[in-house]
Amino acid sequence: MLKAFSFPSLVYPPSVLAPRYVVKMSAIATKNTGIAAESLGVKPPAHPTYDLKGVIELALSEDAGDLGDVTCKATIPVDMEVEAHFLAKEDGIIAGIALAEMVFNEVDPTLKVDWSRKDGDKIHKGLQFGKVHGRAHSIVVAERVVLNFMQRMSGIATLTKAMADAAHPAYILETRKTAPGLRLVDKWAVLIGGGQNHRMGLFDMVMIKDNHISIAGGVPNALKSVDQYLASNNIQMGVEVETRTLEEVNEALDYASQSKTSLTRIMLDNMVVPLPHGDIDVTMLKEAVELISGRFETEASGNVTLETVHKIGQTGVMYISSGALTHSVKALDISLKIDTELALEVSRRTKRG
């Protein structure tokens, strides 16, 4: 039996805790959150149970432990106020501004945050794109959690933007290969970067993958079982089936032509064949797209990189999914500095800003 874990409570008094940011099936509300409406220009994806407030609390709690920020307590007068500036140390797409405001508000609702950019905007190396003013202790306590979220989200958004532009006219999707506990945050960053979301989890779409097909005894059997399950439980949702060969594509099409089915999308998995010197052969993928001929949505998966995605996008496939958007993210370098002049001097010396 699993044991229940109790996390140490934050060191902040209950009076400074903000209302809970619980993301249900409708988009997050801005009312009574202390978050400027313009900061939520790109709203988080819908989820029936995800507790964004809880994720923020956990991030702050793992930092604070049972004693809080002992360095702040030792060095910073409790009533001192300062102003700190966000600095970009490399070019990219900024993401996580709305989430940063939630963190600041959780730590200390009296903090004042101003931005010259919004989620999804381009930033360049050396740009000061936001500032926060208020109690020095609160700013320093929030700093690393804010930056951890923003750097990861900005890295995801930056890569997503590059891949979405290259994939056109196809749409770029992420996968469920997200950091555990950060599913909604990672997928939010994809939206900010101009991508689209694949299924959020196991609950919002039927996705028949290779192991399901192997256990069911083939594509037709798997599709038939899904159709029977959805009908008997009066469930309506999208159904995707993974195919690995042209034979499996034809099996899916034959089944759909003879049966009433909920099938909506066919995944064309690993039909992009890598060639020497980084090139790819998309002949099989194009043939599969032509076989389907618009009867169902199509999705290419496998061997998708920034270098290959443009050629894949020219095959006529509707969607291209890439796990690399979230599982291989490189954080965008961002800092929060009180002494910005010294920070910039150090950045110039180290060629990082």
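The values are calculated or read from the model by the stated rules, or taken from the named source; none is laboratory data. Fair warning: this is a prediction, and the values are worked out from it, not measured in the lab. Reconstructed Cβ throughout: ideal geometry from the backbone, glycine too, with neighbour counts over all protein chains shown. What goes into the accessible areas is simple: the full protein's heavy atoms, side chains included, and nothing from ligands, DNA or RNA. Shrake-Rupley method; radii C 1.70, N 1.55, O 1.52, S 1.80 Å.
Given the residues Ile235, Ile280, which is the only one that is exposed (fewer than 13 other Cβ atoms within 10 Å of the Cβ) and either among the hydrophobic types (A, V, I, L, M, F, W, C) or touching a Leu at 6+ places or on another chain (Cβ under 9 Å) (or both)?
Details: Ile280 fails: exposed (fewer than 13 other Cβ atoms within 10 Å of the Cβ).
Just one listed residue meets the conditions, Ile235.
In the stretch 216-232, of all residues being touching a residue at least 12 places away in the same chain (Cβ under 8 Å) and crowded, with 16+ Cβ neighbours inside 10 Å, the one that is nearest to Gly302 (Cα to Cα) corresponds to Val219.
Note on the stretch 269-353: enclosed helices (runs of 4 or more DSSP H) holding 2 or more residues that are at pLDDT 95 or above are 283-292, 309-313, 324-327.
Open to solvent by 20 Å² or more (accessible area, probe 1.4 Å), farther than 28 Å from Lys161 by Cβ and in contact with a His (Cβ under 9 Å, 6 or more places away or on another chain): which single residue out of Glu57, Glu90, Glu83, Glu62 fits that description? It would help to see each step written out before you state the result.
Numbers: Glu57 fails: in contact with a His (Cβ under 9 Å, 6 or more places away or on another chain); Glu90 fails: farther than 28 Å from Lys161 by Cβ; Glu62 fails: in contact with a His (Cβ under 9 Å, 6 or more places away or on another chain).
It is Glu83.
Evaluate the following for Asn105: is it modelled with pLDDT of 95 or more, open to solvent by 30 Å² or more (accessible area, probe 1.4 Å) and in a helix (DSSP H, G or I)? Considered against the rule, which asks whether it is modelled with pLDDT of 95 or more, open to solvent by 30 Å² or more (accessible area, probe 1.4 Å) and in a helix (DSSP H, G or I), Asn105 comes out as no.
In the set (1) surrounded by 20 or more Cβ atoms within 10 Å (Cβ to Cβ); (2) more than 26 Å from Gly201 (Cα to Cα); (3) within 22 Å of the chain's Cα centre (by Cα), the condition left unmet by Leu285 is number (3). Is it true that Val140 is in contact with a helix residue (DSSP H, G or I) (Cβ under 6 Å, 6 or more places away or on another chain) and either of a type in the set (Ser, Thr, Tyr) or over 30 Å from Ser262 (Cα atoms) (or both)? Taking the combined requirement at face value, the residue satisfies it.
Against the definition (aliphatic (A, V, I, L, M), at pLDDT 95 or above and within 10 Å of the chain's Cα centre (by Cα)), how does Ala164 come out, yes or no? In short, no.
Take the residues of the stretch 238-250 that are of a type in the set (S, T, N, Q) and touching a residue at least 12 places away in the same chain (Cβ under 8 Å): which is most open to solvent (accessible area, probe 1.4 Å)?
If we take residues in the stretch 238-250 being of a type in the set (S, T, N, Q) and touching a residue at least 12 places away in the same chain (Cβ under 8 Å), then Asn250 is most open to solvent (accessible area, probe 1.4 Å).
Could you pull out the residue among Leu263, Leu202 that is modelled with pLDDT of 95 or more, open to solvent by 60 Å² or more (accessible area, probe 1.4 Å), aliphatic (A, V, I, L, M) and under 30 Å from the mean Cα position of the chain (by Cα)?
On the way: Leu263 fails: open to solvent by 60 Å² or more (accessible area, probe 1.4 Å).
Exactly one of Leu263, Leu202 is modelled with pLDDT of 95 or more, open to solvent by 60 Å² or more (accessible area, probe 1.4 Å), aliphatic (A, V, I, L, M) and under 30 Å from the mean Cα position of the chain (by Cα), namely Leu202.
Among what's in the stretch 115-134 and is open to solvent by 70 Å² or more (accessible area, probe 1.4 Å) and touching a residue at least 60 places away in the same chain (Cβ under 8 Å), pick the residue that is nearest to Asp339 (Cα to Cα). If we take residues in the stretch 115-134 being open to solvent by 70 Å² or more (accessible area, probe 1.4 Å) and touching a residue at least 60 places away in the same chain (Cβ under 8 Å), then Gln128 is nearest to Asp339 (Cα to Cα).
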